[in-house]
Amino acid sequence: MKKNGFTLAELLAVIAILAILVILVIPNVLKLFNESKIKTNTINILNIDKIARQFYFQNNGQKYDSEDDIYNLLDISGKKPDEAEVFIKNGDVAIAAIYDNYCFKKTFGEKDITYNKIENSTQCYIYPKITDSTPGILAGKGKKNDPYKIESIEDLVALANYINSEKYLKNTGWYSIFYEDERQVNYNHYIVLVNDLDIKSKRSYVNYKDKTFGDINGDGIIDTIYEELNKNAGLPCINPKKNDDLYFYFDGNNKTIKNLYANIKNTDASKDLYVSLFGSFDGNFHGTHIKDLKLEDVNYTIDTAGNAYVSPLLTTIDLYSSYQIRNIVTSGNIKVKCDKQCNVGGAFGNVSTYGSGIGGRNIVNNINSTVNITVEGGSANVGGISATSSNYGALVQNSYYNGNINVNVKNSASVGGINGSAQFFRNVNNIVNSNINVTANKANIYGLAGARITNNSAFYGNITSNTYQVSTIGGLSSGKITNSYVNANIINNSSFRSEWPVIAGISTKGDVSNSYFIGNIEFNNKKVSGSSGPTSLVSLVSGNCSNITNSFTRGTIKNTQASTYSSYFGFLKTNNPDSNKCIIDNSYYTNDTTYTGNSTIDDSGKIININDIKNNKWFEDTLNLKTAWQHKQGIYPMLYACKNYNYDNDSCDYDLELLPNQKEIIIK
């Protein structure tokens, strides 16, 4: 009799076959299922894109901030994502959405949708997000091995609140000690910038809608932190008070703070305005060091009845402070109108100290500014790098200004491509490429600054003076000049009474050696009724009595002043009586250098035919421009970078590395 059912062996065989089928079939089924979900979710993204575009045009093309997430404003049909963000810019849409642990993304300017599997929602975004577990609370202890950390805009505001409230005074009992430039240095407030921050970018805030920070900009209205920092006074200066025990070290960590903003109108003439990232280091701060920081797209507009101190980085270092400011980049626009004194710098403001400096010298090193500056009002100190520098022992080196300066004030103005008003400090390895325009009652204007010593530096551009009185216009500086050059047009449109104006292509009164001027000077002095006019000193090289060695000029002087005015002109030096005491040694002007006007001109020096200098060996062999200079056929000599500058004897070491930011000047 036949038994019903399967034997055990048969059952095991069937189970084995089914298991094999499962192993073979299910992955393919899952794959097909997953591909179907991805296809469906891709269609969902396209649907969101369509809805976002319709929303944009239904609102009459309203311009949404490209960093405003509009997802919650959309009426989404179909399956909604687990999380999503949607941005729109000029009708174009960017989307990041999470479906079933996959991130689907469509970026601006792209039609394709990409996707990838993710572990958490922080991996799915259009814009990188700031990571800060304690926004508004400074992590770290302010020590060298555990600095305060600036991770978000909230932390930047917290630092301002911390310093400005003088809470830092409680932490002066300890110092972090290390060696810098072979000198022991103590700091008790170390701060490091951890992330790139953008004041205008909502992605630089952990919560840009946060109102708990209060009235940050001081307009009397509490708004979101984002609104507070993007209107009126914006972020307040991080402004230490006078404190003998504060040693301040800010490490920008090669990060960027972008879009610092202020738009201020002040009618109180007794109120001084300080507008900058850092305010006034005023007092006996025996250590201020700020380094490795970029401040991009600074936008300051100031209108005040009082004094104004305005710059991207800091406003003032004063009294017996010692400091180092290194590796700073600034860009943007500054517009200042002040009825009293305007002090404006393209990087920082007033530097007026008597300290020996950290590591033995106060040092400003490797500052690059492209800030355009416009100033009007009462009086002004304006510089492409700093507003003023009256500093015994200061050295400004390896710095570059490439912006335009326009000043229109009623009283006096001191303006320079590096420093506005300057004394006692030194320029080394500095390049300025600028158009400087000044209208004032009285002005001192320099392509670089009125520095004591200038070495290995250059100015390109134009200087235009429209003044009632002018003291000095110098293509480079007022002091001693070595291994430097100028390629510029200098135009003086002034009306003088009792001043002795000095206008020179290189230096207004210092010795000049191993240097040259290529360009033109126009001396358009207007006659003033009832005045016999001043005695003016105008030269392509040195304006006042100076020794000139191994130097050269090619250019023109055009003199249109009234014939009744007594002035002295010269190619290398002027022909005033004092100039007879000066020495001209191995210095030349070309045979096409010309003077037009109704006064005589001093033609001391040697004449060189323009065709002879087209052979670059002339500069090296005859003019003796050797170690510091690169020579190329048909190009005026260019500078090698000064290395290991010796402060005591004003000397440099050179290799074959060109000084950056120079422009080739073709010998025509």
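The values are calculated or read from the model by the stated rules, or taken from the named source; none is laboratory data. Only a predicted model underlies this, so the values are computations on that prediction, with no experimental measurement involved. Ideal geometry is used to build each Cβ from the backbone, glycine not excepted, and the neighbour counts take in all protein chains shown. These area figures cover heavy atoms from the full protein model, side chains too; ligands, DNA and RNA do not enter into them. Shrake-Rupley method; radii C 1.70, N 1.55, O 1.52, S 1.80 Å.
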Could you look through the stretch 106-129, keep only residues that are open to solvent by less than 80 Å² (accessible area, probe 1.4 Å) and modelled with pLDDT under 85, and pick out the one that is farthest from the chain's Cα centre (by Cα)? ASN120
Flag if VAL396 is open to solvent by less than 10 Å² (accessible area, probe 1.4 Å) and within 29 Å of ASN646 (Cα to Cα): yes
Just to be sure I understand, how many residues within the stretch 402-452 are part of a loop (DSSP other than H, G, I, E, B), open to solvent by less than 20 Å² (accessible area, probe 1.4 Å) and within 21 Å of SER515 (Cα to Cα)? 10
Residues within the stretch 457-487 that are open to solvent by less than 10 Å² (accessible area, probe 1.4 Å), over 24 Å from ASN441 (Cβ atoms) and in a strand (DSSP E or B), tallied: 6
Criterion first (without any contact (Cβ under 8 Å) to a residue 60 or more places away in the chain, under 29 Å from PRO660 (Cβ atoms) and not in a strand (DSSP E or B)) does GLY510 satisfy it? yes
Enumerated strands (runs of 3 or more DSSP E) restricted to the stretch 44-147, each holding at least 3 residues that are on the phi < 0 side of the Ramachandran plot and among the hydrophobic types (A, V, I, L, M, F, W, C): 83-89, 92-99
Mind listing whichever residues of the stretch 496-525 are modelled with pLDDT under 90, open to solvent by 10 Å² or more (accessible area, probe 1.4 Å) and under 15 Å from THR464 (Cβ atoms)? ASN524
One residue from SER465, SER434 being hydroxyl-bearing (Ser, Thr, Tyr), within 18 Å of the chain's Cα centre (by Cα) and under 23 Å from ASN493 (Cβ atoms): SER434
Can you tell me which condition VAL502 does not meet? The list is (1) closer than 18 Å to VAL538 by Cβ; (2) among the aliphatic types (A, V, I, L, M); (3) touching a residue at least 60 places away in the same chain (Cβ under 8 Å), and all the others hold. (3)
Filter the stretch 72-90 for residues that are open to solvent by less than 70 Å² (accessible area, probe 1.4 Å), modelled with pLDDT of 85 or more and not hydrophobic (A, V, I, L, M, F, W, C); which is farthest from the chain's Cα centre (by Cα)? PRO81
Output yes when any residue across the stretch 437-445 is out of contact with any Gly (no Cβ under 9 Å at 6 or more places or on another chain) and basic (Lys, Arg), and no when none is. yes
